[in-house]
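To start, the structure itself, in structure tokens.
The values are calculated or read from the model by the stated rules, or taken from the named source; none is laboratory data. In this text, all values refer to a predicted model and were calculated from it rather than measured experimentally. Ideal geometry is used to build each Cβ from the backbone, glycine not excepted, and the neighbour counts take in all protein chains shown. Only protein heavy atoms, including side chains, enter the accessible area calculation; ligands, DNA and RNA are left aside. Shrake-Rupley method; radii C 1.70, N 1.55, O 1.52, S 1.80 Å.
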Amino acid sequence: MSESTDLMPESDTNSRRKLSSNQILTMISAASLNFSSMICYSILGPFFPQEATKKGVSNTIVGFIFGCFALFNFLSSLILGKYIVQIGAKFMFVAGLSLSGVATILFGLLDKASEGTVFIALCFLVRSVDAVGFGASITASSSILAQAFPNNIATAMGSLEIFTGLGLVLGPPIGGVLYQSFGYEVPFIALGCFVLLMVPLNLFLLPTYDSSPGKDSFWTLVTLPKVMVMCFTIFSLSASLGFLDPTMSLFVTETFHLQVGYVGLVFLGLALSYSISSPLLGLISDKLPNLRKWLLIVGSLGTAMCFFMLGPAPIFHIESKLWLFIFILVLDGFCIGLCGIPVYPELLSAAYDNGFDEGLSTLGLISGLFSAMWSTGSFVGPTLGGFLNEKFNFKWAAAFQGLFPLLAFILNVIFYAWEAHKTKRRSSSLETNSTVQEREPLLQQD
């Protein structure tokens, strides 16, 4: 223990170690949201592409159905992040969760629709409504977390990623088993009702955080160089994950001849490694902020390499094996955590270093921007992935997808090298000025 901690009063030390009641309640609410929203989001992967194919929907359109969720999430996140103070963070959180639960139930009734145009149109409509609800609750949750944990946001978010991963882990196998046992409707209706049960829980538990509107705007935020690099990093990660939604289950089914129930288990590799490693990565990010840039750089490069090997890419002339595919997914989950966890605190530091006010207004802007960029990737990943998978094959499509995190790696290297050079020049300039001042006489002689 350091000397400064030893000299600190015992009451102060205990207050630093213990969470307040508001922080505990906020963590419980955010955990319930992460788990319930992710389990609903992830149940589509194992069986919806096959079900949509039965309705006469092409792979490209399936990709657009997955992608439209992200498009409307993008729009709602920007708007709601800007006006979170006026709407109220708690109201936005609960209202979004309610809307998402209802939309999930409605999605389970779409098998009653006529195949072709009617089915496709209703899929787009319900997924869009679900996206607005999801965007509202996630934007509010991120803002509330950042306000409740101003000095440990990465640790808090990293710990909550356990529940995100748990939702991603349980969603595919639960969805696959329920689909095989009861058909298309039951997975969505059961999980939609589960989400709605979270609404009264959060009405009771979630504290209210008030703030006044700020003067800063999204445009001021996104024009900061560091923010632009972080935004593309978020986009590359989200696009990589979104790419897997409409493509991976088809590839696994056709290549390894697995049943739908087992396809869901394949999804476990990525989700488990991500959720298990996230708390430790969050702690490292908060305790050693100077390491964030290395986490981002290594994570981006690792994610790119994983997608080149996921097929693997035909240029490597390596035969597809189930054990290799699962191993790459596990490694990919860890690499995504490496660069995904430090991004939010890096966005915060960029905003505060450039004069943004510390409060819910700024946190709403950052959370909205984070959700919007994530949604952009979630739109491009499935839509482009579905198109490339249909025109070429999964191996080439996955390799092309790896170019996004590879470009993020290059941009992070360039930016942090430029930042280090700028800091070094500033330090040299200060030393020079200090030396000149020391050499000047205290009294000017006539």
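Scanning segment 310-324 for residues that are part of a helix (DSSP H, G or I), open to solvent by 50 Å² or more (accessible area, probe 1.4 Å) and of a type in the set (A, V, I, L, M) yields Ile315, Leu322. Filtering segment 106-131 to residues that are open to solvent by 40 Å² or more (accessible area, probe 1.4 Å) and either touching a Pro at 6+ places or on another chain (Cβ under 9 Å) or part of a helix (DSSP H, G or I) (or both) leaves Leu106, Asp111, Lys112, Thr117, Val118, Ala121, Leu122, Phe124, Leu125, Val129. Might you let me know whether segment 85-92 holds any residue that is farther than 22 Å from Phe194 by Cβ, small (Gly, Ala, Ser) and open to solvent by less than 40 Å² (accessible area, probe 1.4 Å)? Among the residues of segment 85-92, at least one is farther than 22 Å from Phe194 by Cβ, small (Gly, Ala, Ser) and open to solvent by less than 40 Å² (accessible area, probe 1.4 Å), which makes the answer yes. Per the conditions (1) within 21 Å of Pro150 (Cα to Cα); (2) in contact with a Cys (Cβ under 9 Å, 6 or more places away or on another chain); (3) open to solvent by 20 Å² or more (accessible area, probe 1.4 Å), the sole criterion not satisfied by Asp357 is (2).
Only one of the numbered conditions (1) out of contact with any helix residue (DSSP H, G or I) (no Cβ under 6 Å at 6 or more places or on another chain); (2) among the small types (Gly, Ala, Ser); (3) open to solvent by less than 30 Å² (accessible area, probe 1.4 Å) is not met by Ser21, and that is (3). Exactly one residue out of Phe204, Phe188, Phe194 is assigned to a helix (DSSP H, G or I), open to solvent by 10 Å² or more (accessible area, probe 1.4 Å) and touching a residue at least 40 places away in the same chain (Cβ under 8 Å), and it is Phe194.
For segment 1-54, which positions are aliphatic (A, V, I, L, M) and either at pLDDT 80 or above or within 16 Å of Leu170 (Cα to Cα) (or both)?
We begin by selecting, within segment 1-54, every residue aliphatic (A, V, I, L, M); these are 1, 7-8, 19, 24-25, 27-28, 30-31, 33, 38-39, 43-44, 52.
Residues satisfying the conditions are Ile24, Leu25, Met27, Ile28, Ala30, Ala31, Leu33, Met38, Ile39, Ile43, Leu44, Ala52.
Checking segment 270-284 against the condition returns a match, with at least one residue being within 16 Å of Ala398 (Cβ to Cβ) and either part of a helix (DSSP H, G or I) or open to solvent by less than 60 Å² (accessible area, probe 1.4 Å) (or both).
Given the options Phe327, Phe267, Phe307, name the one that is open to solvent by less than 10 Å² (accessible area, probe 1.4 Å) and either under 24 Å from Gly381 (Cβ atoms) or among the aromatic types (Phe, Trp, Tyr) (or both).
Values: Phe327 fails: open to solvent by less than 10 Å² (accessible area, probe 1.4 Å); Phe267 fails: open to solvent by less than 10 Å² (accessible area, probe 1.4 Å).
One residue alone meets the criteria, Phe307.
For Ile65, are the conditions met, namely being in a helix (DSSP H, G or I), touching a residue at least 12 places away in the same chain (Cβ under 8 Å) and either surrounded by fewer than 19 Cβ atoms within 10 Å (Cβ to Cβ) or not aromatic (Phe, Trp, Tyr) (or both)? Yes: the conditions hold for Ile65.
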